[in-house]
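The values are calculated or read from the model by the stated rules, or taken from the named source; none is laboratory data. Worth saying up front: this structure is predicted, and the values here are computed from it rather than measured. Methodologically, a virtual Cβ is constructed for each residue, glycine included, from the backbone with ideal geometry; neighbour enumeration extends over all protein chains shown.
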Amino acid sequence: MITVLTPTYNRAYTLTRLFESLMHQNGSFEWLIIDDGSSDETQKLVEGFQSNALFEIRYMYQENSGKHIAINTGTAAARGAYCLIVDSDDALMPNALEVIEAQIAPHLNHIGWCFRRAYFNGTIIGNSTDMPQMIVMHPMQASHYFQGDLAYIFRTDALRAHPFPMIQGERFVPELLIWNCIADEGSICYFPHIAPYLCEYLPDGYSANFKKNLRVNPKGFGLYYADRLRREKRLIERLKALIRLLQCTLYGWLK
């Protein structure tokens, strides 16, 4: 069974779209919602979903700690053997889970699998030309290869073995820090031409507020860029990581 894990914070206005997309899925799955301290109508909305859903929906509330800690909470409670993290402002294509299951079934020797994300108009995010049907690589390589956000699905036990660090006073740690650690222990299989995950970038999202998040979460980003500096092979990429790491050090000192 797949656990569709959704960390959310004050996103009652977008959750219905995700719920409706899950109503068009087949197969065995659960939707696990981790409410990261919302003050809107999220809980009431989810209770309505639970009354009408054709699948199991579980809701858990935690004090506001950040998406990364919500992922920790969710993976600890997940009942599925595999976890697919779907953000609260995103959605899945009809039958996306069925497609994902069919693709990963012949490749269960991997620790994780990765698919493409697309905008709601169907355009794949990032580079999508001249790629094989399937490729095995490390997430650090994939970030350069695809040049766009990706949809990872991991074995639940692997996520539990690599929890995000909790940093006092901060509420964000880049996910790639943990994806890289997981990939150090097993290979990840990528499907470059399959985009079951639909997304948009909202004004209040992490992507649109990168500079602000860097300033207020310097230790979390610092962990990521220090790790990236160690992993990068190309000089230009190492230089970029070093500059970001110095920024994090400065912001941490100012904070």
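Of the numbered conditions (1) touching a residue at least 12 places away in the same chain (Cβ under 8 Å); (2) closer than 22 Å to ILE69 by Cβ, ASP204 fails exactly one; give the number of that condition.
Against the list (1) touching a residue at least 12 places away in the same chain (Cβ under 8 Å); (2) closer than 22 Å to ILE69 by Cβ, ASP204 comes up short only on (1).
Any idea how many residues of the stretch 208-255 are of a type in the set (Gly, Ala, Ser), over 18 Å from ALA142 (Cα atoms) and out of contact with any Gly (no Cβ under 9 Å at 6 or more places or on another chain)?
Within the stretch 208-255, residues that are of a type in the set (Gly, Ala, Ser), over 18 Å from ALA142 (Cα atoms) and out of contact with any Gly (no Cβ under 9 Å at 6 or more places or on another chain) number 2.
Within the stretch 195-211, does at least one residue satisfy the condition of being more than 20 Å from ASP87 (Cα to Cα) and either crowded, with 19+ Cβ neighbours inside 10 Å or out of contact with any strand residue (DSSP E or B) (no Cβ under 9 Å at 6 or more places or on another chain) (or both)?
Yes; the residues of the stretch 195-211 include at least one that is more than 20 Å from ASP87 (Cα to Cα) and either crowded, with 19+ Cβ neighbours inside 10 Å or out of contact with any strand residue (DSSP E or B) (no Cβ under 9 Å at 6 or more places or on another chain) (or both).
Being of a type in the set (Ser, Thr, Tyr) and touching a helix residue (DSSP H, G or I) at 6+ places or on another chain (Cβ under 9 Å) is the filter here, so list the residues in the stretch 1-27 that pass it.
Within the stretch 1-27, THR3, THR6, THR8, TYR9, THR16, SER21 qualify.
Just wondering, is there one or more residues in the stretch 106-126 that are more than 21 Å from THR6 (Cα to Cα) and either assigned to a helix (DSSP H, G or I) or under 14 Å from the mean Cα position of the chain (by Cα) (or both)?
Yes.
Would you check which residues across the stretch 131-140 are part of a loop (DSSP other than H, G, I, E, B) and within 30 Å of GLY252 (Cα to Cα) and list them?
Selection gives HIS138 alone.
Is it the case, given these coordinates, that ALA226 is of a type in the set (A, V, I, L, M), under 23 Å from ALA158 (Cβ atoms) and without any contact (Cβ under 8 Å) to a residue 60 or more places away in the chain?
yes
Return yes when PRO196 is out of contact with any Phe, Trp or Tyr (no Cβ under 7 Å at 6 or more places or on another chain) and either under 20 Å from ALA78 (Cβ atoms) or at pLDDT below 95 (or both) and no when it is not.
No: the conditions fail for PRO196.
Just give me the residues in the stretch 35-59 being loosely packed, with under 14 Cβ neighbours inside 10 Å and within 21 Å of TYR206 (Cβ to Cβ), in sequence order.
Listed by number, the list holds a single entry, SER39.
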